[in-house]
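Below: one structure, written as structure tokens.
Quick note: the coordinates plus some simple rules give every number you see, no bench work behind them. This structure is a prediction, so every number in the text was calculated from the model and none was measured. We place every Cβ from the backbone using ideal geometry, glycine too, and count neighbours over all the protein chains shown.
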Amino acid sequence: MRIVVAVKYVPDIHADRAFEDGRVVRRSDEGTLNELDENALEAALRVVEGLPEDERATSEVVVVTVAGPDADAAVKKAFQLGVDRGVRVSDDAIAGSDYFGTARVLAAAVRRLSAESPVDLVVTGMAALDGLGSVVPALLAAELDLPQLTLAGTLELDGEAGARTARVTRELDGVDEVLEAPLPAVVSVTDHANDPRFPNFKLIMAARTKQVEAWSLADLEVDPAEVGDAGARTRVLAASPRPPRPEVEIVVDKGEGGRALAEYLIRNELV
């Protein structure tokens, strides 16, 4: 079993966000592994742990990210959780890529890994917290021409090696939807799919010696004109700083609190 997990290095969710020249400002000192990708890593590791012992011994979980060298921190975090191999795709021409360009680069990386040894499953988180587009998993499946099972609340595999099926449960409003697809497939999991594990000391120490492989667009045979600003299908037309929060209005209830609340809601068009 060979599983590829796509992850992203994103600005810390608690840090101030900013746009510059139509792009999110990314500072190396405040980046982190996308929190929702930890669920994807956990799902992949659990799939491997659920395999028969002989197959588990030959299985591999590979993490792939598209970013600059700062993203090695995200890959190192994945190593600490138990991932076997890490790949970072970096190229100046990738800068400014939209969802479509990102999916194209990720797909090229998966195809290169598949050329080495077949990839059985591609797992992603449900979204990246810097953009919250939630479309890259579907675009990645389209680029790879694979079945997609998105927004999975559970992930299980059925069958024997070489003829397995992925089964997921998707939580809808008041009902659970069960979907199946033959492997290879692309699966995105939600933050309800599992509780990500914590790194243990042994894996933390082992991660120090693991190297992150760096690939370029040339390595993946991707035309630079198809990604980055040159290939983007979307544009940021305008961006403005978040307005400051208004000062808190404190109303002391002396018997007229309900009336004051109603007037506040009406005055601010909240009803």
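Computed over the chain with a Gaussian network model linking Cα atoms closer than 10 Å, the most mobile of GLU226, GLU256, GLU20 is GLU256.
For segment 171-230, what does the alpha-carbon gyration tensor say about shape, rounded, prolate or oblate, given a ≥ b ≥ c as the root eigenvalues, a/c under 1.5 as rounded, and a/b over b/c as prolate? Here segment 171-230 falls in the oblate category. Simple spin-label estimate for ASP70 and ARG245 gives 2.6 nm between the two label positions (7 Å along the Cα-to-Cβ direction from each Cα). Largest mean-square fluctuation among GLY153, GLY255, GLY231, in a Gaussian network model of the chain whose springs join Cα atoms under 10 Å apart, belongs to GLY255. Could you check which residue among ALA161, ALA73, ALA103 shows the biggest mean-square fluctuation in a GNM of the chain with a 10 Å Cα cutoff? Top of the fluctuation ranking is ALA161. A cut-off under 11 angstrom between Cβ atoms defines the neighbours of GLU42, and their net charge, with Lys, Arg +1 and Asp, Glu -1, is -3. Local charge sum around VAL222 (other residues, Cβ-Cβ under 12 Å, Lys/Arg +1, Asp/Glu -1)? Its environment carries a net charge of -3.
Candidate cross-link partners of LYS77 among the lysines, defined by an alpha-carbon separation under 18 Å and a same-chain spacing of 8 or more, comprise LYS8, LYS202, LYS210.
A cut-off under 12 angstrom between Cβ atoms defines the neighbours of ALA166, and their net charge, with Lys, Arg +1 and Asp, Glu -1, is -2.
State the extension gain, in nm to one decimal, for the chain segment bounded by GLU177 and PHE19, taking 0.36 nm per residue of separation less the distance between their alpha-carbons.
Result for the pair: 53.0 nm of gain on full extension.
Multiplying the sequence separation of ASP92 and LYS202 by 0.36 nm and subtracting their Cα-Cα distance, what value in nm do you get?
On the way: separation 110, 0.36 × 110 = 39.60 nm, distance 3.56 nm.
My answer for the length gained is 36.0 nm.
Report summary: the helix-based calculation at 222 nm, which adds -39500 (n - 2.57) for every DSSP H run with n ≥ 4 and divides by the residues of the chain, gives -8500 deg cm²/dmol. Most simply put, the chain has about 40% antiparallel DSSP beta bridges, counting only bridges with both residues inside it.
Indicate the gyration tensor shape class of segment 2-231 (rounded, prolate or oblate), computed on the Cα atoms with a ≥ b ≥ c the square roots of the eigenvalues: a/c under 1.5 is rounded; otherwise a/b larger than b/c is prolate and the rest oblate.
Values: a/c = 1.37, a/b = 1.31, b/c = 1.05.
Rounded, because the longest to shortest axis ratio a/c is under 1.5.
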